[in-house]
Amino acid sequence: MKDSRPLYKIFSSVPPGYDLINRLFTLRRDERWRRKTALLILEDNPQRIMDLCTGTGDLAMHIAGIAKAGVEITGFDYSRPMLDIAEQKAQKSHAGKIGFVLGDAAEMPFTDGYFDAIGIAFAFRNLTYKNSDSEKFLAEIFRVLRPGGKFVIVESSQPANRLLRFLFHTYTKTMVYYLGSWISGNKTAYRYLANSVIDYFTPVEVRVLLQKSGFAEVRHIPLMGGVAAIHVANKK
């Protein structure tokens, strides 16, 4: 199933330069945003945490660096090349603290309500932007999160200020697309990235999407003027 997903080939071919490009285009702010996300995930002392669409494992490792001993941390992704990098990185600094699982986000191998908290960093857009399986993904996330649990998303967003939004979109269409394509050698991946970032939902649209999926008390925390945002959704 997983290798038939529209984005599977993109995220299986990008990994060698993935971390470098992320740091370069956000001026390393993506790391601050992940740490803030990790702190929000951990504020209610969850015992079982999933980093959904973990990629190269950055959010999972931020969580592992802050979490108390004994917390179960799972990094879940459908790209084997991404997970290979994540496992190598985790062995260097967080050996034994994170378990990585290969699988499909529409059919996760966990029982109902297994996780106390789920986080996702810059991949929620991939699950929901013009994705025919969006409802399946959201239903599965809701299923594996326990009642009272928390879903924390950090993702690109749309600034409310028109000038900032214009500048952000221009930067994405030029610097992110052209340099990302050059560094990675993958024009398709960075064309998709640029288009999906520019066309992605507003904070209000994200809130409505989450509420329609059953989540309640959705909070929005803008980052750097709104070019990115953290969304915190609770399951009743």
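Coordinate-derived values only; no laboratory data. A quick note: this is a predicted structure, and the numbers were derived from the prediction, not measured. Quick reminder, even Gly has a Cβ in these numbers, built from the backbone with ideal geometry, and neighbours come from all protein chains shown.
Output the Kirkwood hydrodynamic radius of region 68-150, Cα pairs only, in Å rounded to one decimal.
Value: 13.9 Å, from the Cα pair sum.
Reachable lysines from residue 236, Cα under 17 Å, same-chain residues fewer than 8 places away excluded?
Cross-link targets: 150, 212.
Could you tell me which of the pairs 36/136; 97/130; 97/173 are separated by over 32 angstrom between their Cα atoms in the structure shown? Please report the intermediate quantities before stating the final value.
Values: 36/136 28 Å; 97/130 35 Å; 97/173 38 Å.
Checking Cα-Cα distances, 97/130; 97/173 exceed 32 Å.
For residue 92, which lysines qualify as cross-link partners when the Cα separation must be under 20 Å and same-chain residues fewer than eight apart are set aside?
In chain and number order, the partners are 68.
Could you check the simple spin-label distance between residue 211 and residue 146, using points 7 Å along Cα→Cβ, in nm with one decimal?
Spacing of the two 7 Å Cα→Cβ label points: 2.8 nm.
So if each residue of separation counts as 0.36 nm, and I subtract the Cα-Cα distance between residue 28 and residue 66, what length gain in nm does that give?
Stretched fully, the residue 28-residue 66 segment lengthens by 11.8 nm.
Roughly speaking, what is the centre-to-centre gap between region 74-138 and region 25-66 when only Cα atoms are used, to the nearest Å?
The two parts, judged by their Cα centres, are 12 Å apart.
Sum up the charges of everything whose Cβ sits under 11 Å from the Cβ of residue 177, counting Lys and Arg as +1 and Asp and Glu as -1, but leave residue 177 out. Don't skip to the end; give the middle numbers.
Working: positive: 173, 187, 191; negative: none.
My count for the surroundings of residue 177 gives +3.
Of 160, 178, 105, whose Cα points farthest to the positive end of the dipole of region 94-236 (charges on the beta-carbon: +1 Lys, Arg; -1 Asp, Glu; origin at the Cα centre)?
Of 160, 178, 105, it is 160.
Amide H to amide H under 5 Å from residue 100: which residues, 5+ apart in sequence or cross-chain, H placed 1.01 Å off N in plane?
Here the answer is 75, since their amide H atoms fall under 5 Å of that of residue 100.
What dipole magnitude, in Debye to the nearest 20, does the chain give about its Cα centre under +1 on Lys/Arg Cβ and -1 on Asp/Glu Cβ?
Its charge dipole is roughly 620 debye.
What FRET efficiency, computed as 1/(1 + (r/R0)^6) with R0 = 35 Å and r the Cβ-Cβ distance, is obtained for residue 44 and residue 161, rounded to the nearest 0.05?
After rounding, the FRET efficiency stands at 0.60.
Where Lys and Arg each count +1 and Asp and Glu each count -1, what net charge lies around residue 157 among other residues with Cβ under 11 Å from its Cβ?
Taking every other residue near residue 157 into account, the sum is 0.
In percent, how large is the relative contact order of region 2-234, given Cα pairs closer than 8 Å and 6 or more residues apart?
19
When ranked by the protection proxy of mean other Cβ atoms within 10 Å per residue, highest first, what sequence do the peptides 150-157, 103-110, 66-73 form?
Averaged packing, sorted descending, gives the order 150-157, 103-110, 66-73.
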